[in-house]
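Okay, handing you the structure first.
The values are calculated or read from the model by the stated rules, or taken from the named source; none is laboratory data. Small disclaimer: the values here were computed from a predicted structure and weren't measured. Using ideal geometry, Cβ is built from the backbone for each residue, glycine included, and neighbour counts are taken over all protein chains shown. The accessibility values were calculated without ligands, DNA or RNA, using every heavy atom of the protein model including side chains. Shrake-Rupley method; radii C 1.70, N 1.55, O 1.52, S 1.80 Å.
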Amino acid sequence: MAEATILVLNGPNLNMLGKREPAIYGATTLADIEGMCRAEAATRGVAIDFRQSNHEGDLVTWSQEARETHAGIIVNAGALTHTSVALRDALLSSELPVVEVHLSNIHARETFRHHSYIAPIAVGMICGLGAKGYVLAIEAMADIVRPTP
Ligand code: DQA
């Protein structure tokens, strides 16, 4: 059977990792994170499709399309986490398991970051562990989507 493919979605401003607010987000770039995800996926027997967009509509469309092509979605929606009912609805429409990731601990930051529109529709959420959160999310999602031998 073909490997299950996990869609890893990154929202606005995550392309700036490494340069952006390093005191909060660290020196790791999004390319570094993609490499870590690929390495973890290889050890877990799953494939990943790693994407980033600054445009809400791209994330909505990719989430809709994933129901035909992917086995699960890991999402760091950036600021859209706190604002986008559209992205939440699109993730729901995929009918796929969703794991939410944030580099920073959104609950230890400004009040407006404490609420996530995605968390209630996610299997689980990892935040505050930096880039390692993505690796842990791949591990968790692999267990969810990997077909039992
Ligand atoms: C973030 C947290 C969000 O509040 C913020 O808008 C981001 C990054 C994180 O990974 O910690 O862009 O999703």
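Any residue at all in segment 83-97 that's exposed (fewer than 14 other Cβ atoms within 10 Å of the Cβ) and at pLDDT below 95?
Within segment 83-97 (the criterion being exposed (fewer than 14 other Cβ atoms within 10 Å of the Cβ) and at pLDDT below 95), the answer is no, since none of the residues qualifies.
Condition first: among the aromatic types (Phe, Trp, Tyr) and either within 23 Å of Gln64 (Cβ to Cβ) or crowded, with 17+ Cβ neighbours inside 10 Å (or both). Now tell me which residues in segment 98-134 satisfy that.
Once the filter is applied, which keeps residues that are among the aromatic types (Phe, Trp, Tyr) and either within 23 Å of Gln64 (Cβ to Cβ) or crowded, with 17+ Cβ neighbours inside 10 Å (or both), segment 98-134 yields Tyr117, Tyr134.
Test each condition in (1) within 16 Å of the ligand (Cβ to nearest atom); (2) surrounded by 16 or more Cβ atoms within 10 Å (Cβ to Cβ); (3) in a loop (DSSP other than H, G, I, E, B) for Gly18 and report the one that comes out false.
Going through (1) within 16 Å of the ligand (Cβ to nearest atom); (2) surrounded by 16 or more Cβ atoms within 10 Å (Cβ to Cβ); (3) in a loop (DSSP other than H, G, I, E, B) one by one, Gly18 breaks only (2).
Pairs needed: first member in segment 103-114, closer than 20 Å to Gly18 by Cβ; second member anywhere, assigned to a loop (DSSP other than H, G, I, E, B) and modelled with pLDDT of 95 or more; C-beta distance under 6 Å; at least 6 residues apart or different chains.
Close Cβ pairs (under 6 Å, with a partner that is assigned to a loop (DSSP other than H, G, I, E, B) and modelled with pLDDT of 95 or more) amount to Leu103/Gly130; Asn105/Gly128.
Let me ask something additional. Within segment 56-79, can you find the residues that are over 12 Å from the mean Cα position of the chain (by Cα) and within 16 Å of the ligand (Cβ to nearest atom)?
Within segment 56-79, Glu56, Asp58, Ala79 qualify.
Right, something else. Which one of the conditions (1) within 15 Å of the ligand (Cβ to nearest atom); (2) within 14 Å of the chain's Cα centre (by Cα) does Asn105 fail to meet, given that it meets all the rest?
Answer for Asn105: the failing condition is (2).
Evaluate the following for Ala137: is it open to solvent by less than 30 Å² (accessible area, probe 1.4 Å), under 17 Å from Thr5 (Cα atoms) and within 16 Å of the ligand (Cβ to nearest atom)?
Yes; evaluated as a whole, the condition is true for this residue.
Hey, does segment 114-128 have a residue that's within 20 Å of Gly45 (Cβ to Cβ), touching a Gly at 6+ places or on another chain (Cβ under 6 Å) and of a type outside the set (Gly, Ala, Ser)?
For segment 114-128, residues within 20 Å of Gly45 (Cβ to Cβ), touching a Gly at 6+ places or on another chain (Cβ under 6 Å) and of a type outside the set (Gly, Ala, Ser): absent.
Confirm whether Leu96 is within 20 Å of Ala137 (Cα to Cα) and more than 13 Å from the ligand (Cβ to nearest atom).
For Leu96, the condition - within 20 Å of Ala137 (Cα to Cα) and more than 13 Å from the ligand (Cβ to nearest atom) - is met.
If you scan segment 31-52, which residues turn out to be within 17 Å of His102 (Cβ to Cβ) and open to solvent by less than 20 Å² (accessible area, probe 1.4 Å)?
Across segment 31-52, the qualifying residues are Ile33, Cys37.
For the structure I just gave you, tell me whether Arg38 is out of contact with any Gly (no Cβ under 6 Å at 6 or more places or on another chain) and part of a loop (DSSP other than H, G, I, E, B).
Taking the combined requirement at face value, the residue does not satisfy it.
Sticking with this one: What number goes with the only condition from (1) surrounded by 24 or more Cβ atoms within 10 Å (Cβ to Cβ); (2) in contact with a strand residue (DSSP E or B) (Cβ under 6 Å, 6 or more places away or on another chain) that Ala77 does not pass?
(2)
Any idea how many residues of segment 1-15 are part of a loop (DSSP other than H, G, I, E, B) and farther than 22 Å from Val46 by Cα?
Residues in segment 1-15 being part of a loop (DSSP other than H, G, I, E, B) and farther than 22 Å from Val46 by Cα: 3 in total.
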